[in-house]
Amino acid sequence: MRVDLHTHSSVSDGTDEPAVLVRNAVAAGLDVVALADHDTFDGLAEARDEARRAGIVLVPALEMSCEVAGASVHLLGYGPDVADPALGRELERIREGRENRVLAMLARLATLGYPLSAEEVAAQAADATSIGRPHIADALVTKGFFPGRDEVFAGLLADDGPAYVDRYATPLRTAVALLRAAGGVPVLAHPWGRASRRRLTPEVIAATAEVGLAGLEAHHTDHDPATEAELAALAESLGLIVTGGSDHHGLGKPDNPLGVRLTGTDQWRRLRGLLSEVW
Ligand code: AMP
Ligand code: ZN
Ligand code: FE
Ligand code: FE
């Protein structure tokens, strides 16, 4: 079975519309795909309708912006009630932080000699209810300042870049509790990718498992094979599910095609057992 539990659509910072993403998942030979847009469920209804037509299992999901000791970490949530009021309010708070921070980053960009209007960014985020740095990057590319998203993320908009502005993110333990209360299954996304390795120590992961974390996304392109193996071993020692996914963003991340990383069939069956429904 081919199970990809991490994808994004144009409702956040991917480039495929939700229905297109589902058709592409079928074309990529996937049996199960999770749509996990950043901080929003807005693509799920369209994806569900297409999944029913196309004959593929769709897992309703999201990737929530969280923080541990002030550092950004991402939490995947599988199968929560998308109408849960407390979770919905928290997601709204995160999205509001995203909107405000775009304006702050535009102000920085202007002083750095890269003038960009809010309208130009909005045009790149046409379908998105969850706006982010990739949309600003796309606007800079459209204006001819840079060849692609990568060059923007390598400089101006890097985490320590001159135009970077921080934004609100949910404390990790709070997010785990909110997802659990909404019937969802929380899984740490790319725990040891990029900068998060320093914060998500085995001790922090173990403590989060005690308050409801269910799994670790070991199989991710931000992890080298040794890191994947270490994370899988840590998950096993803590009784956590081991997941994997492509983190597909369409044209926004050309190195992450659908299915480039997968969840093992046995691990998928464990996760499936914790979900009240799939679509
Ligand atoms: P934000 O959530 O607005 O801070 O932006 C972070 C998003 O940018 C994440 O979803 C990443 O997947 C994406 N991202 C990070 N680095 C890159 C890159 N080099 N190229 C394209 N997208 C990236
Ligand atoms: Zn993204
Ligand atoms: Fe992520
Ligand atoms: Fe992601």
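The values are calculated or read from the model by the stated rules, or taken from the named source; none is laboratory data. All values reported here derive from a predicted model rather than from experimental measurement. Glycine gets a Cβ as well: all are built from the backbone with ideal geometry, and neighbour counts include every protein chain shown.
Check every one of the helices (runs of 4 or more DSSP H) wholly within the range 149-214 and list those with 1 or more residues that are of a type in the set (Lys, Arg) and within 15 Å of ligand 1 (Cβ to nearest atom). First the steps, then the outcome.
On the way: elements: 149-154, 172-181, 202-210.
Per the criteria, 149-154.
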Could you identify the single residue in Ala25, Ala54, Ala45, Ala86 that is away from ligand 3 (no atom under 16 Å from the Cβ), hydrophobic (A, V, I, L, M, F, W, C), touching a residue at least 60 places away in the same chain (Cβ under 8 Å) and surrounded by fewer than 24 Cβ atoms within 10 Å (Cβ to Cβ)?
-> Ala86
Unmet criterion (only one of (1) touching a helix residue (DSSP H, G or I) at 6+ places or on another chain (Cβ under 8 Å); (2) over 21 Å from His249 (Cβ atoms); (3) of a type in the set (Asp, Glu)) for Asp159 | (2)
State which residue is nearest to Val22 (Cα to Cα) when the search covers only the range 235-257 and only residues that are out of contact with any strand residue (DSSP E or B) (no Cβ under 7 Å at 6 or more places or on another chain) and outside any loop (DSSP other than H, G, I, E, B).
-> Gly250
Does Ala226 count as of a type in the set (Gly, Ala, Ser), within 24 Å of Gly273 (Cα to Cα) and away from ligand 2 (no atom under 16 Å from the Cβ)?
-> no
Among the candidates Leu116, Leu156, Leu109, Leu188, which residue alone is among the aliphatic types (A, V, I, L, M), at pLDDT 95 or above and over 24 Å from Thr15 (Cβ atoms)?
-> Leu188
Are any residues in the range 64-83 on the phi > 0 side of the Ramachandran plot and touching a residue at least 60 places away in the same chain (Cβ under 8 Å), and if so, which ones?
-> Ala69, Gly79
Scan the range 12-36 residue by residue and report those that are within 13 Å of Val57 (Cα to Cα), among the β-branched types (Val, Ile, Thr) and either touching a Cys at 6+ places or on another chain (Cβ under 8 Å) or within 16 Å of ligand 4 (Cβ to nearest atom) (or both).
-> Val33
Which condition number does Val121 fail, the rest of (1) touching a Ser or Thr at 6+ places or on another chain (Cβ under 7 Å); (2) within 16 Å of ligand 2 (Cβ to nearest atom) being met?
-> (1)
Spot the failing condition for Asp4; the list is (1) acidic (Asp, Glu); (2) touching a Lys or Arg at 6+ places or on another chain (Cβ under 9 Å); (3) part of a loop (DSSP other than H, G, I, E, B), and only one is missed.
-> (3)
Across the range 2-22, what is the total count of residues that are buried (at least 24 other Cβ atoms within 10 Å of the Cβ), within 16 Å of ligand 1 (Cβ to nearest atom) and either under 19 Å from Pro186 (Cβ atoms) or among the small types (Gly, Ala, Ser) (or both)?
-> 8
Check on Arg89, out of contact with any Lys or Arg (no Cβ under 7 Å at 6 or more places or on another chain) and in a helix (DSSP H, G or I) | yes
Could you please let me know if Val121 is farther than 17 Å from Leu5 by Cβ, in contact with a helix residue (DSSP H, G or I) (Cβ under 6 Å, 6 or more places away or on another chain) and at pLDDT 95 or above?
-> yes
Among Ala209, Ala169, Ala182, the single one that is in contact with a Cys (Cβ under 6 Å, 6 or more places away or on another chain) and surrounded by 16 or more Cβ atoms within 10 Å (Cβ to Cβ) is Ala169
Scan the range 97-127 for residues that are in contact (Cβ under 8 Å) with a residue 12 or more places away in the chain, more than 21 Å from Phe41 (Cα to Cα) and assigned to a loop (DSSP other than H, G, I, E, B) and jot them down.
-> Leu112, Tyr114, Leu116
